[in-house]
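Down below is the structure, laid out as structure tokens.
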Amino acid sequence: MATHRVARPRTVLVAAAIAAMTGCYSGQPVDQLLTGDEALLEVARGEFTDAYDRVAMAVIDGDEVRTAFVSADESTTFELGTATKALTGLLLADAIERGEVALDDRVGSRFELGDADAAALTLRDLATHHSGLPQSPLAPGALDPVASRDDRSEQPDLGGLRELIDRVALTPTIDGLEHHYSDFDAALVGQSVADAAGIRFGDLLEERILTPLGMADATVVESGDLLPERLAQGHDEFGRRMGSRGAGAYAPAVGVAATVDDVVALAEAVLDGSTPGAAALEPIADTRWPRTQTGYFWEVESREGGEVTYILGWSQGFASAVLVDRRAGIAAVLLSNVRDDWPWNEANAILDVVRE
């Protein structure tokens, strides 16, 4: 992996109490602290203005990495949410290279699904979001808001593998749903690869993907006792505090938490082609968008003069994005503690910092 130069952060005091009291102040909330690259801070000033925002941003341009933070730092950890599936896609491609699984393997050949619709689905169907499974696979009540607690390890974890398979068996696929996001998809892919390897998913992902990439502080949060100490407090889109919990058998879909340095390491490996399972990045199917195709969970948008390989993610209290222009040698990373189901505009604003 290429050695990079990290821009030295500088601290910007965002407001003064006297200015706020006299009405002379406009801009960031008085209790926000902005640090890092000035061009990225300009993006922050336009996009992340709530007092509870905690954000980490980075851009990569060749061997240079520039970072900026809103009330956070290099050690702050964020849930990747559904962007976790990007790592699961790499793991699938790596397992295919090892001869452990094949894209056309059926889920029903590995798990007891009887005559359920999902039994006929292949890893290809799942990894390209062409399974026809609905978006909300979790047990009843699992998506209900969770009030924040000081002891986040007490939050109820999501279901285990048996509960996942039982839920899949009871869930019919939807006819005509050609490309549709579902957390079922990545959960089944990750658990299938883990079953083929004979290793628990969290251990397998760490061994084959996280460690080789240098994602030293990334954690697969399969249970609440694994929640990182430096995990930011999450919020929903209305600013309400949201609790975090273990992802259980859904960890391949939503279970990884990471720092900005972890995600920068991922983006660098995508840029230089050194990531394990790099075949996951290559398009193999269409999406609902005319200019966008999908690999194994990674999507590729065609643009004038090139293309952008990307993954977007969200959870109840977080949002994340990685955008990579491999031809131009640039990338953008966004980690936020506020839910945003499609952090596309913010991520592109960050990427524009190194396009200009």
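The values are calculated or read from the model by the stated rules, or taken from the named source; none is laboratory data. Note that the structure is a prediction, hence the values are computed from the model and not measured. Cβ atoms come from the backbone with ideal geometry, glycine included; neighbour counts cover every protein chain shown. Surface areas here come from the heavy atoms of the whole protein model, side chains and all, with no ligands, DNA or RNA. Shrake-Rupley method; radii C 1.70, N 1.55, O 1.52, S 1.80 Å.
Relative to the longest principal axis of the chain, what angle (0 to 90°, nearest 10) does the C-alpha long axis of helix 344-355 take? Orientation of helix 344-355: about 60 degrees from the principal axis. Given springs between every Cα pair under 10 Å in a Gaussian network model of the chain, which of Ala44, Ala279, Ala116 has the largest fluctuation? Result: Ala116 has the largest fluctuation of those listed. In a simple Cβ point-charge model (Lys, Arg +1; Asp, Glu -1; nothing else charged), segment 158-281 has a dipole of about 280 debye relative to its Cα centre. Solvent-accessible surface of the chain, taken per residue with a 1.4 Å probe and all protein chains present: 42 Å².
The simple Förster model, with R0 at 25 Å and r as the Cβ-Cβ distance, assigns Asp73 and Arg241 a FRET efficiency of 0.75. Split the accessible area of the chain by element, probe 1.4 Å, and carbon with sulfur accounts for 48%.
Given a 1.4 Å probe and the protein chains as shown, Arg162 ends up with an accessible area of around 130 Å².
Other residues with beta-carbon under 12 Å from the beta-carbon of Ala251 carry, at +1 per Lys or Arg and -1 per Asp or Glu, a net charge of -3. The simple spin-label model puts a point 7 Å past each Cα toward its Cβ; for Arg355 and Arg327 those points are separated by 1.3 nm. The local environment of Thr128, defined by Cβ-Cβ distances under 9 Å, has a net charge of -2 under the rule Lys, Arg +1 and Asp, Glu -1. Here Tyr250 sits with roughly 10 square angstrom of accessible surface, probe radius 1.4 Å.
For Ala285, the residues 5 or more places off, or on other chains, whose built amide H falls under 5 Å of its own are Thr294. On full extension, the segment bounded by Asp203 and Asp272 gains 22.3 nm, given 0.36 nm per residue less the C-alpha separation. Rounded to the nearest 10 degrees, the inclination of helix 38-47 to the longest alpha-carbon principal axis of the chain is 70 degrees.
Between the C-alpha center of segment 53-115 and that of segment 269-328 there is a gap of 11 Å.
With the Cα gyration tensor of segment 33-81 giving a ≥ b ≥ c as the square roots of its eigenvalues, does the rule (a/c under 1.5 for rounded; else a/b larger than b/c for prolate; else oblate) give rounded, prolate or oblate? It is oblate, given that a/c is not under 1.5 and a/b is not larger than b/c.
Quote the FRET efficiency, to the nearest 0.05, computed for Asp50 versus Arg303 with a Förster distance R0 of 45 Å and r equal to the Cβ-Cβ distance.
Efficiency computed from Cβ-Cβ geometry: 0.90.
Label-to-label distance for Ala216 and Arg106 is 4.7 nm, based on points extended 7 Å past Cα in the beta-carbon direction.
Under the rule a/c < 1.5 gives rounded, and otherwise a/b versus b/c splits prolate from oblate, where does segment 237-356 land using the Cα gyration tensor? Cα axes put segment 237-356 in the prolate bin.
A simple spin-label model places pseudo-atoms 7 Å from Cα toward Cβ; at Asp31 and Asp166 they are separated by 4.3 nm.
Name the shape class, rounded, prolate or oblate, that the alpha-carbon gyration tensor gives for the chain, where a ≥ b ≥ c are the square roots of its eigenvalues, rounded holds for a/c under 1.5, and otherwise prolate holds if a/b is larger than b/c and oblate otherwise. It is prolate, given that a/c is not under 1.5 and a/b is the larger ratio.
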